[in-house]
Amino acid sequence: MRVLPYHIPLVADYGDGPYVWDVEGRQYIDLNMAYGPLIFGHRAEKIIDAVSYQIGKFGSQLGFPTEISVRVAEKLKQLFPGMELVRFSSTGTEACASATRLARAFTGRNKLIAFEGQYHGWSDAVFHRYHADLDDLPESGYGSALPGTLGMNGNPHNLIVVEWNNAERLAAALAEHGPEVAAVIMEPIAGNSGLIPPEPGYLAQARDLAHQHGGLLIFDEVISGLRVAAGGAQQLYGVRPDITIVSKALGGGFPVAAFGARAEIMNLIASRQVFHGGVYSGNAAVMAASEAVLDEIISQGDVLYEQLNGLGEMLAVGMGDVLSRHGIAHVVHQVGPIVSVFLTHEPAGRLTNYRAVRRACDFEGFIRFQHAMQNRGVYFHPNQFESMFLSTAHTEELLGIVLDRVEDACQCGWQS
Ligand code: PLP
């Protein structure tokens with residue numbers, strides 16, 4: 001991801017608040033935030049203090065249950081009431097793989113349904129070619145997963161991949177495979193093919209369809225959890241899944257993920273019928289970071305999300321305005337502090353799924369735009385499938401500077 005041929009090389013030296021510096025001493029306004037984890041910015045004081053205190057006074061890797069991990073689980077449950085019991089792991093990949101294993105064990109079924117353009121980590125359980133060429137995608141809107149990489153165990157494995165945001169396609173896939181489907185797993189706000197929010201009512205339809213066929217609904221809130229609302233997309237849209245996965249923002253820059261569900265499901269792990277392990281799962285230094293994040297979220301409440309949403313709106317509207325003024329075709333999507341600026345070949349309406357994004361977007365143009373911005377000290381990822389992330393360390397003033405630099409880049413004609 002970081003050494004792509006079209007990426008201007010950047011070796012990071014250090015970060016502070018909304019900025020990152022490279023080893024040549026150049027400062028960048030960071031709109032990537034390490035792919036999302038840093039909702040309070042680089043080196044957020046409360047997180048660093050909590051981790052330093054934990055390590056200095058108690059240790060990092062204790063090899064036993066700790067009270068701090070119990071407190072983190074309880075605070076997480078306060079925000080995600082559906083996570084009655086919680087397990088920790090170190091990455092989103094592990095948590096997604098464990099969640100799908102749990103769903104298979106609970107239902108006694110083998111198949112999973114996932115969505116085009118969505119990513120749940122690189123495990124054999126769920127890794128599919130999520131950025132497949134349009135020609136490789138089935139006309140019916142669903143089909144067996146295309147393997148995401150060489151070397152997968154089982155090819156194609158028990159994974160059906162469906163077009164996102166289209167309940168009819170999902171209904172058709174379930175009509176064919178329903179009795180074998182353990183779970184429908186989705187990013188409720190798609191974040192790995194650019195940001196694509198769910199269509200009104202879609203999440204509830206998907207939940208009902210999964211349940212009608214006796215399957216579970218899994219929300220992979222690795223990106224959306226604790227970010228679009230304290231309780232993630234499930235709070236924002238009022239749809240509770242059976243199993244939830246959170247990560248990124250939960251660690252504030254430390255490697256943590258959690259998955260949870262109602263006790264009836266999670267007890268399969270507690271009773272050791274389903275295996276879940278990990279030497280570093282629940283590592284105390286990481287838990288200290290998570291507790292600091294959760295304390296901040298719980299104490300700030302709605303104010304925090306109003307702040308993040310306000311910043312997201314300012315960036316989205318501002319970028320859109322500048323691009324419009326310069327006659328550059330684009331579509332901007334934003335939910336809370338997540339923003340996707342899609343540059344398109346021609347004016348386009350809303351882009352509601354991966355196929356639409358892939359068809360409409362000018363990827364080469366976006367790379368030129370990104371290079372112009374990186375050269376002006378603003379960093380976001382050069383692949384427009386990667387969203388921009390804001391944090392509480394960003395300010396309106398800083399975003400004003402970003403917009404001035406976008407204006408400057410457009411005036412200087414990055415387009416040609
Ligand atoms: N799920 C989603 C939605 C993600 O965006 C990612 C990573 O970006 C993952 C799972 C995998 O997480 P990790 O890279 O921590 O294994």
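Odds and ends about this structure:
- Straight-line reach from K57: taking Cα to Cα under 30 Å and skipping same-chain neighbours fewer than 8 places apart, the lysines in range are K46, K75, K77, K248.
- Sites matching chymotrypsin sites (Phe, Trp or Tyr not before Pro) across the range 34-84 that sit in DSSP coil, with at most 15 neighbouring C-beta atoms within 10 Å: F58
- Candidates L85, L236, L226, ranked by Gaussian network fluctuation over the chain, Cα under 10 Å, top entry: L236
- Distance from the Cα centroid of the range 8-35 to that of the range 107-143 is 33 Å (rounded to whole angstrom).
- The range 99-159 pair-distance distribution - Cα-Cα, 5 Å bins, rounded %: 4, 18, 29, 24, 16, 7, 2, 0
- Of all the options D321, D136, D49, the one that moves most in a Gaussian network model of the chain with Cα springs shorter than 10 angstrom is D136.
- Geometric descriptor of the range 305-416, per residue, is 93 Å³ (volume of the convex hull of the Cα atoms).
- When both bridge partners sit in the chain, DSSP labels roughly 65% of those beta bridges antiparallel.
- Of all accessible heavy-atom area on the range 80-222, the percent that carbon and sulfur account for (1.4 Å): 47 percent
- If you run the Gaussian network model on the chain, springs between alpha carbon atoms under 10 Å, then out of V246, V317, V279 the most flexible one is V279.
- Peptides 75-84, 188-197, 324-333, 97-106 ordered by average Cβ neighbours within 10 Å, highest first: 188-197, 97-106, 75-84, 324-333
- Ellipticity estimate at 222 nm from DSSP helix runs (n ≥ 4, -39,500 (n - 2.57)) divided over the chain, nearest 500: -11500 deg cm²/dmol
- In order along the range 371-382, the Karplus-derived 3J(HN,Hα) couplings, from 6.51 cos²θ - 1.76 cosθ + 1.60 at θ = phi - 60°, round to 4, 4, 6, 4, 5, 9, x, 10, 10, 9, 6, x Hz, and Gly and Pro are given as x.
- A simple charge model with +1 on the Cβ of Lys and Arg, -1 on the Cβ of Asp and Glu and nothing else charged puts the dipole of the chain at about 940 debye relative to its Cα centre.
- A Cα-only calculation for the range 208-333 places Rg and Dmax at 18.6, 61 Å.
- The value obtained for the range 1-121, namely the Cα convex hull volume divided by the number of residues, is 185 Å³ per residue.
- Rounded to the nearest 20, the size of the Cβ-charge dipole of the range 1-142 about its Cα centre is 720 debye, with Lys and Arg at +1 and Asp and Glu at -1.
- With all protein chains kept in place, the per residue accessible area of the chain amounts to 41 square angstrom at a probe of 1.4 angstrom.
- All C-alpha to C-alpha distances of the range 164-210, sorted into 10 Å bins beginning at zero, yield P(r) values of 26, 54, 20, 0 percent in whole numbers.
- Cα gyration tensor category, rounded, prolate or oblate, for the range 274-324 with a/c compared to 1.5: prolate
- At q = 0.06, 0.07, 0.11, 0.13 Å⁻¹ the log10 of I(q)/I(0) for the chain amounts to -0.23, -0.32, -0.82, -1.14, computed by Debye summation with a single uniform scatterer per C-alpha, solvent ignored.
- Signed unit charges on C-beta, dipole axis of the chain, positive-most listed residue A114, L85, Q273: Q273
- Unit charges at the beta carbon, dipole of the chain: most positive-side option, A316, A173, L4: A173
- Take every pair of alpha-carbon atoms less than 8 Å apart whose residues are at least six positions apart; their mean separation over the length of the chain yields a relative contact order of 22 percent.
- Alpha-carbon gyration tensor eigenvalues x 5, square-rooted, for the range 141-288, Å: 26, 20, 17
The values are calculated or read from the model by the stated rules, or taken from the named source; none is laboratory data. None of these values were measured; they are calculated from a predicted model. No Cβ is skipped: glycine too gets one built from the backbone with ideal geometry, and neighbour counts run over all protein chains shown. Side chains included, ligands, DNA and RNA excluded: accessible areas come from the protein's heavy atoms. Shrake-Rupley method; radii C 1.70, N 1.55, O 1.52, S 1.80 Å.
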